[in-house]
């Protein structure tokens, strides 16, 4: 898969990297058990700070998408669920848009409930 | 096409020699003949003549089949040459051995006849000469990709993992066969076990990266870099369909002017290097790294 970051973009670099890994899982380019590039190597080839990559990987670990193990590096979890992740991405976009419109959490939940047939 | 037919026939010629000489000589040959020679040309190993001949015939036939396949595959000159050398050598070993035995059945001496083996190996060159020059293969159906659009502030890296369950399976079966042979009959074979195991470790899982450094192949299970091509050495990168026979088979192949990691037939990335050599690796969606490397080349030179 392609890791692509824009150092001039407003979005933090760590978030850009995390988003690309999520996209890779959603599109099936990254399958469970697949190893991500070692953080040091990715930082080197993208010419960014090692800690930025580590922050991105830690974020993905907190989202239960990858496992970080000493010596084994970052591995896509067996239960990394592309289908669920796709929904999470849609929900994220929904929440972003709702926030822009000034909606509060209770109103967002109400809209989701309304959407159920 | 005619020249290729002739060259395929030339690969079979030594097989014919094997058949004719057996028909002519087997009545006069002892049941057991010298099959191995020490450094001074004296016999130090003996075996049944029919078994020795049969083994060489099988090798010759296998080379003959490979020769026909190679003649039908455009660009498979290396395989064709190898097939010629193998069948030539098989017949030459038989001629040298049987000839030495016939000359003096009581005390066979190899003598000058070991030179025949070299002549047999050179047979591959004759086969290659008959086939004529390699056809100029224009990269048809493999359009050069448009470079990936890169903003000056963008940084991109490609990483992909190749898996080859088939190659892993085959090497593990080979390892099992060697282990059984070593355990039951030939303990000297134990070190040979290292070969399939090393192959499995190196090529069962390979990570391919393309980035500002160039192209790299890293053996996944052990983390050893098996190939590094610097960005500056890359002339062009193109997606192509990889036919294993055109690159000399499956696995890590090295032939004059080109090398390749071929884990299956199908799409792959082909690099043309500045020094005229080519490198290929089988990959899903090779357009992605091809477009990236093309863009990085442009960025580096512009």
Can you work out which of the residues in segment A:1-22 that are assigned to a loop (DSSP other than H, G, I, E, B) and more than 7 Å from every other protein chain (Cβ to nearest Cβ) is nearest to residue A:91 (Cα to Cα)?
A:11
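Considering only segment B:243-257, I want to know if a residue exists there that is touching a helix residue (DSSP H, G or I) at 6+ places or on another chain (Cβ under 8 Å), within 14 Å of another protein chain (Cβ to nearest Cβ) and outside any helix (DSSP H, G or I).
No, segment B:243-257 contains no residue that is touching a helix residue (DSSP H, G or I) at 6+ places or on another chain (Cβ under 8 Å), within 14 Å of another protein chain (Cβ to nearest Cβ) and outside any helix (DSSP H, G or I).
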Do we have residue A:25 as in contact (Cβ under 8 Å) with a residue 60 or more places away in the chain, more than 11 Å from chain B (Cβ to nearest Cβ) and surrounded by 21 or more Cβ atoms within 10 Å (Cβ to Cβ) here?
yes
Residues (within 26 Å of residue A:43 (Cα to Cα) and away from every other protein chain (no Cβ under 14 Å)) located in segment B:184-223:
B:202, B:203
Could you run through segment B:206-233 and say how many residues are assigned to a helix (DSSP H, G or I) and either buried (at least 16 other Cβ atoms within 10 Å of the Cβ) or under 23 Å from the mean Cα position of the chain (by Cα) (or both)?
1
For segment B:183-205, how many residues are closer than 30 Å to residue B:218 by Cβ and surrounded by 11 or more Cβ atoms within 10 Å (Cβ to Cβ)?
15
Which of the residues spanning segment B:258-268 are in contact with a helix residue (DSSP H, G or I) (Cβ under 8 Å, 6 or more places away or on another chain) and under 16 Å from residue B:163 (Cα atoms)?
B:260, B:261, B:262, B:263, B:264, B:265
Tell me yes or no: at least one residue of segment B:121-135 is exposed (fewer than 12 other Cβ atoms within 10 Å of the Cβ) and either modelled with pLDDT under 85 or part of a loop (DSSP other than H, G, I, E, B) (or both).
yes
Residue satisfying all of: in segment A:33-43; at pLDDT 90 or above and within 8 Å of another protein chain (Cβ to nearest Cβ); nearest to the chain's Cα centre (by Cα) among these:
A:36
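The values are calculated or read from the model by the stated rules, or taken from the named source; none is laboratory data. Predicted model only: the values in this text are computed from it and were never measured. Counting neighbours? That spans all protein chains shown, and the Cβs are built from the backbone with ideal geometry, glycine included.
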